[in-house]
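All remarks here apply to the structure that follows.
Computed from the coordinates by the stated procedures, all read-outs in this text should not be read as laboratory data. Every value quoted in this text rests on a predicted model; they were computed, and no experiment measured them. Because the Cβ atoms are built from the backbone with ideal geometry, glycine has one as well, and the counts that use them run over all protein chains shown.
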Amino acid sequence: MKSRKLSIPYIVWMLVFTMIPLVMIGITAFTDKSGGFSLEPFQKAFTYTNVFLKSLWIAFLSTLISLILAYPLAYMLARMKKSSQNTFVMLLMIPMWMNFLLRIYAWIILLQKNGPLDLALSILGIHGSYIGNTAAVVVGMVYEYLPFMVLPIYTVMCKIDPSLIEAAQDLGSNGFDVFRKVIFPLSVPGIISGITMVFVPSASTFLVSQYLGGTDDIMIGDVIDKIFWTDQNTGSAISLILMIFIFAFLVLMNLFGDEEAIA
């Protein structure tokens, strides 16, 4: 009974700041500006299909690169001494203490013409544009969300029973076989959590492409941000479609995670 009472503030918070706004977005998506039922907002929303697909592509690239970078980093962290682990995890999290927009500004300074990167590469005779393109957007996304990939994998790896690794070694497995047959399979739940925590915000984020990308790199989050203030119905329809896709993605990841757990 006491635990139920303690959950009341959380339930009220979820109702007021999550469920009610979601219901309002759903209602607005199926109405026109006069308040009558209409599917026109969805017709307008589907005109942004290319932007939606580009957002998913950028999110996929960002997630893939984050996984490639995060897995060996998490593996090295998990094998360190406990004191060293705490230090490196803190160093990994320190940039997250800074405002999101300030971190984007830092990348603008680094990648802009005559910036530190341009000047450093010009010494080697390399010149080019490092901002205003898809690559810059992906770099910014990876930087923003890399810790969300590292930490779940690192946490799962720390929980792997050392006796399992010792047993595999006693049975004649070399380092690669131990990793392939023991460490990697047991770290899959962390990989799934990391993919979810990176892909979902990457697909719906905004501002990163506005500051680091070009005119062809606008993402669906930017479209929602701009259109919502002039056409709430279409903005709500786009938001609803994005939420449905993200929900389907989460369900798929959970199903995949359950299958791995059973295996």
- Task: Mind checking which of 145, 163, 187 is farthest towards the positive end of the stretch 84-191's charge dipole, using Cβ charges of +1 (Lys, Arg) and -1 (Asp, Glu) about the Cα centre?
- Result: 145
- Query: Among 60, 199, which comes first, then next, by fewest other beta-carbon atoms within 10 Å?
  - Reply: 60, 199
- Message: Roughly how far apart, in whole Å, are the Cα centres of the stretch 95-122 and the stretch 58-94?
- Response: 21
- Item | Using alpha-carbon coordinates, inclination of helix 134-158 to the longest axis of the chain, degrees | 50
- Query: Taking H as built 1.01 Å from N, whose amide H comes closer than 5 Å to the amide H of residue 31, not counting residues under 5 places away?
  - Reply: 38
- Could you tell me how many degrees, from 0 to 90 and to the nearest 10, lie between the Cα long axis of helix 49-79 and the main elongation axis, the longest principal axis, of the Cα atoms of the chain? 20
- Item | Angle in degrees between helix 184-204 and the longest Cα principal axis of the chain, rounded to the nearest 10 | 20
- Task: Return the whole-Å distance between the Cα centroid of the stretch 187-263 and the Cα centroid of the stretch 20-37.
- Result: 21
- Pick out, from 88, 126, 41, the residue whose Cα sits farthest towards the positive end of the charge dipole of the chain, with +1 on the Cβ of Lys and Arg and -1 on the Cβ of Asp and Glu. 88
- Dipole of the chain, Cα-centred, from +1 at each Lys and Arg C-beta and -1 at each Asp and Glu C-beta, to the nearest 20 debye? 660
- Note on the structure: The residues 121, 151, 91, 186, sorted from fewest to most surrounding Cβ atoms within 10 Å, come out as 91, 121, 186, 151
- Relative contact order for the chain using alpha-carbon pairs under 8 Å, separation at least 6, rounded to a whole percent? 29
